[in-house]
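Take a look at the structure below.
We did not get these values from a lab; they are worked out from the coordinates using the rules stated. These numbers were taken from a predicted model, which means no experiment stands behind them. Glycine gets a Cβ as well: all are built from the backbone with ideal geometry, and neighbour counts include every protein chain shown.
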Amino acid sequence: MRVLVTGGAGFIGANFTLRTLAARPDAEVTVLDKFTYAANPATLEPVADRVRVVRGDIADAIVLDPLVADADVVVNFAAESHNDNSLADPSSFVQTNLVGTYTLLEAVRRHGVRLHHISTDEVYGDLDLDDPARFTEETAYQPSSPYSATKAGSDLLVRAWVRSFGVAATISNCSNNYGPYQHLEKFIPRQITNVLTGVRPKLYGDGRNVRDWIHVDDHNDAVWTIIDRGQLGETYLIGADGEVDNRTVVESILTALGQPSDAFDFVTDRAGHDRRYAIDATRLRTELGWTPTYTDFASGLAATIDWYRDHREWWAPHKAAVESGYARTQQILD
Ligand code: NAD
Ligand code: TDX
């Protein structure tokens, strides 16, 4: 099978590429990636002889067209992905997440190629901490940030192209991923590498916001399950029952790295900060038979801490720039 992985040099797409090469000897993988600040070229270097890597933009139809024509399936991970950046400047989010997805849809439509579109649970907005509800495929879209609004729009474009033009597509909306090769701007790698470099972890707001954590390998196994057995035109939620509040995550990282569990700072809260996300993945489990491997967040987090401790060469050159960017907008609160 010829697989085109857009955004395949970023966190989830690169893990998908590495896992596909390891588990699917029949797969021929091409990565199309713009190599924005979020891509780390070091991630795919060890497999450079087994993957064709093209530097290009999903919003550029001329680059995209021959790659799509040559594929059996396109898996679209390419996106601007960080909420904080979308608050500072939404323009690249509109361009890549909306115009890019539109350009990709037109290419798969032209060539009759199957698409799987990767999306997020943030399209559903947020839940109160004491609300027993979780998101399902039927929950109404109510995105809060420029990032989640553009992801919601991209999902709606995919649905319209399915209905109006018969494009063969599926969509998945996944909860927060963690694991190796995640950019240092994101919560878990930021705090692990803070502690490893002698900087105190930084919690937004009161630290009680809840995220529903899933290991990136479980997300990517679910994506292959949907490509193999999902119904065309359908949406599947992906989650592994991993709800934890941010303060607990930071305390666990500090303890695992031998620091006092209260050695963190509270900083300026994120504007419009979603309170809680929670996924009900019953449909994926019962209809398609997917189950996660990492059912214990604590052990998945421990493995991730070990990975960052053992792979300083992957992240250390980028750490100072990420922290100085945050220092411009965030103040430590008393
Ligand atoms: P990431 O920021 O680590 O990687 C995104 C990749 O896309 C980068 O390699 C970047 O260079 C590339 N890219 C950006 N604009 C591009 C363009 N115009 N053309 C081609 N490539 C482009 O993001 P991630 O965390 O790996 O997220 C991947 C996908 O998964 C995104 O669609 C995101 O919305 C979705 N998602 C992420 C999470 C999460 O927890 N990280 C959860 C659910 C869904
Ligand atoms: O330094 C920090 N301190 C902090 O308290 C950072 C970077 C984050 N946070 C909080 C904000 C969130 O409540 O931690 C939580 C997680 O933050 P992010 O890593 O920025 O993730 P989130 O905003 O939840 O979005 C992520 O999951 C859904 C991904 O970045 C999205 O791409 C995905 O769609």
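With more than 20 Å from Ile12 (Cβ to Cβ) and within 14 Å of ligand 1 (Cβ to nearest atom) as the only criterion, which of Ser91, Ser81 stands out? Spell out the reasoning first.
Details: Ser81 fails: more than 20 Å from Ile12 (Cβ to Cβ).
It is Ser91.
Filter the range 184-239 down to residues that are over 30 Å from Gly166 (Cα atoms), of a type outside the set (D, E, K, R) and more than 15 Å from the chain's Cα centre (by Cα), then give me how many there are.
So in the range 184-239, the residues over 30 Å from Gly166 (Cα atoms) come out as 184-217.
Now restrict to residues that are of a type outside the set (D, E, K, R): 184, 187-189, 191-199, 201, 203-205, 207, 209-210, 213-216.
Of the ones still in play, those that are also more than 15 Å from the chain's Cα centre (by Cα) are 191-199, 201, 203-205, 207, 209-210.
Adding up the residues that qualify gives 16.
Can you tell me how many residues in the range 77-94 are touching a Pro at 6+ places or on another chain (Cβ under 9 Å) and of a type in the set (A, V, I, L, M, F, W, C)?
3
Kindly check whether there is at least one residue in the range 234-252 that is surrounded by fewer than 18 Cβ atoms within 10 Å (Cβ to Cβ), in contact with a strand residue (DSSP E or B) (Cβ under 7 Å, 6 or more places away or on another chain) and within 30 Å of Arg114 (Cβ to Cβ).
So far as the range 234-252 goes, yes, one or more of its residues are surrounded by fewer than 18 Cβ atoms within 10 Å (Cβ to Cβ), in contact with a strand residue (DSSP E or B) (Cβ under 7 Å, 6 or more places away or on another chain) and within 30 Å of Arg114 (Cβ to Cβ).
How about the range 71-123: which of its residues are among the charged types (D, E, K, R) and under 18 Å from the mean Cα position of the chain (by Cα)?
Matches in the range 71-123: Glu80, Asp84, Asp121, Glu122.
Does the range 248-278 hold any residues that are charged (D, E, K, R), under 21 Å from the mean Cα position of the chain (by Cα) and more than 16 Å from ligand 1 (Cβ to nearest atom), and which are they? Walk me through how you get there before you give the answer.
Initial filter on the range 248-278 (charged (D, E, K, R)): 251, 262, 265, 269-270, 274-276.
Retained after the next criterion (residues that are under 21 Å from the mean Cα position of the chain (by Cα)): 270, 274-276.
Arg275 - this is the single residue of the range 248-278 that is charged (D, E, K, R), under 21 Å from the mean Cα position of the chain (by Cα) and more than 16 Å from ligand 1 (Cβ to nearest atom).
Tell me which residues, restricted to the range 125-175, are within 13 Å of ligand 1 (Cβ to nearest atom), closer than 25 Å to Glu287 by Cβ and of a type in the set (Ser, Thr, Tyr).
Ser154, Ser172, Ser175
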